[in-house]
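Data first, discussion second: the structure below is written as structure tokens.
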Amino acid sequence: MLPIFPVALSPLLFSIFTMNLPMPTEQQSPLMNVDHGELPMWRVADLPEPLPYSIGNVFRTIGPGAILLAGSIGGGEWIVGPLMAVKYGTGILWIATVGILLQTIFNLEAVRYTLYTGEPILTGVMRLKPGPRFWGPFYILAGIAQLATPAIAAGCATVLFAAFAGRMPMATDQSQVTAIGMGVVLICAVLLMSGKTIEKLLEKLSWAMILFIFAFLIAVNLCCVSTQTSQKTLLGFISYQPLPKDINLLLLGLFAATAGSGGLGNLAISNWFRDKGFGMGGRVGSIGGAFAEGESRVEPIGYMFPVNSENLRRWKTWWSYARLDQQALWAVGCVVGMYLNVNLALAIIPPGIDLPGYSSGTFQAHYLNERFWDGLWMLTLINGFWILFSTHLGNTDGLVRTVTDILWAASPRTQKISASRIYLIFLIILTAWALYSIRLGNALDLFKILGTIASPIMSLAALQMLRINTRFLPPEIRPTWFRRIMLLLCSLFYGAISVALFTQLIRDYLT
């Protein structure tokens with residue numbers, strides 16, 4: 001099931017990337033000795049002036065972290081985290097803490113490249129050998145394999161069915177659940193076509209959904225969870241315990257990857273920073289919605305700024321905003337979101353129960369309804385809907401814009417039409433595939449595909465990011481040794497998970 005869509009697109013991608021590929025040229029910049037890799041030279045301009053650093057301007061400037069948080073909180077926090085904690089206990093929760101810490105460093109290093117050049121990090125990857133003809137199709141196919149199957153939309157459909165039917169779905173309800181999931185996919189596609197700037201639309205929607213989700217989770221945790229359970233859950237996040245010997249390695253890999261965002265979602269953060277106008281992204285442009293008036297042109301190749309005292313002063317301010325966005329908003333939000341969902345599940349779901357594949361979150365609504373108040377059934381499911389819908393929306397945009405930016409930067413053939421038009425074309429293709437593939441399994445079965453692909457992407461991309469930021473960036477803004485070591489640890493952590501995961505898959509296949 002999984003390889004059908006990527007394999008079907010392979011000939012098309014090959015033809016796009018091998019026709020009239022531009023060779024690197026030195027004519028776009030007076031800095032003739034700058035290493036620009038396998039894509040054309042960046043142009044040169046001063047770094048745009050950021051808003052003065054203040055509390056008020058922090059809230060005016062940050063925002064990409066809200067999009068990534070809204071897109072992160074559904075799979076790991078609502079589905080996999082509670083499932084794993086109920087099945088194996090709080091001793092596995094430190095894996096989430098490690099994953100989120102490593103992904104925070106990973107995200108910021110992707111953003112570092114974008115602040116300097118205005119290019120998404122995958123454009124930087126295509127500057128590495130063997131160049132865009134290899135890395136472009138590679139990441140497009142990897143992204144499609146990870147996110148094209150609408151696992152989160154399937155979970156969202158389960159929640160909506162339960163809310164309106166007053167019960168959890170059974171096997172005989174699968175056709176109705178599938179129809180609801182198809183509706184979710186279509187609504188998401190229409191929303192992504194409608195914004196004048198898609199990043200701004202996603203940011204506004206994400207802030208609204210985050211506020212609702214966290215307000216509900218905090219309230220229900222305060223009312224329904226004992227202090228003893230809360231303390232035990234917290235201890236699981238901050239203390240190391242050996243993993244159970246019988247732990248399912250596939251679910252463990254899924255948990256480690258989706259405790260934050262996982263794979264392509266982390267890489268897409270640099271695209272949102274570019275569209276938000278962070279750093280040199282303010283000179284490159286953004287992708288506009290297909291239904292918006294006028295067109296916003298995105299430059300396929302970015303800019304670099306001369307290293308002088310004025311640009312370095314601006315850089316420090318931009319970097320401070322970026323750190324707040326990823327550390328205080330995204331990372332803290334991921335930890336708190338995981339904690340609140342897991343804590344609630346541990347308090348109300350009997351330990352060791354074998355939760356069904358579609359959504360442990362739906363079981364939370366069931367037990368809250370039985371033990372506390374009838375109204376919590378609907379409120380919990382409404383909260384679950386927003387959690388999952390925001391994740392599906394972010395995942396869809398992340399995949400479509402990643403494909404768009406790769407094609408836009410690497411292929412002159414695609415640059416003859418606007419980036420917004422490319423975005424629309426692939427969104428339509430992806431939506432058509434999602435409407436078909438949502439019938440192929442339940443939410444957890446489809447979600448396992450995401451986790452299987454996410455860890456290898458994280459492991460490889462961490463090494464590439466380390467190479468990019470120590471090769472193409474000037475010494476003054478390269479990552480510190482601590483961050484370089486953390487990128488290596490990120491690659492090793494997710495690499496080890498990938499090896500264990502694929503070993504288990506091979507064993508299962510052979511037996």
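Some values worked out for this structure:
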| read-out | value |
| --- | --- |
| Members of region 178-200 that are within 17 Å of the chain's Cα centre (by Cα) and either closer than 24 Å to T149 by Cβ or at pLDDT 90 or above (or both) | C188, L192, I198 |
| Matching option when the condition is modelled with pLDDT of 95 or more and either within 19 Å of G136 (Cβ to Cβ) or in contact with a Gly (Cβ under 8 Å, 6 or more places away or on another chain) (or both), among Q415, Q464 | Q464 |
| Condition met for Y303 (within 23 Å of L101 (Cβ to Cβ), surrounded by 17 or more Cβ atoms within 10 Å (Cβ to Cβ) and at pLDDT 95 or above) | no |
| Filtered residue count, region 424-440, keeping only those that are under 18 Å from R401 (Cβ atoms) and among the aromatic types (F, W, Y) | 2 |
| Helices (runs of 4 or more DSSP H) fully within region 99-188 counting 1 or more residues that are among the aliphatic types (A, V, I, L, M) and under 30 Å from S320 (Cβ atoms) | 121-126 |
| Scope region 238-283; condition surrounded by 24 or more Cβ atoms within 10 Å (Cβ to Cβ) and outside any helix (DSSP H, G or I); matching residues | A259, G260, S261, G262, G263, F278 |
| Subset tally (residues that are within 24 Å of W272 (Cα to Cα) and modelled with pLDDT of 90 or more) for region 70-93 | 0 |
| Among the residues listed as G99, G131, the single one being at positive phi and at pLDDT 90 or above | G131 |
| Pair list, Cβ under 9 Å, 6 or more apart: region 137-152 residue on the phi < 0 side of the Ramachandran plot, other residue in a helix (DSSP H, G or I) and of a type in the set (K, R) | A151/K448 |
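The values are calculated or read from the model by the stated rules, or taken from the named source; none is laboratory data. Keep in mind the model is a prediction, meaning the values are calculated, not measured. Virtual Cβ from ideal backbone geometry, glycine too; neighbours counted across all protein chains shown.
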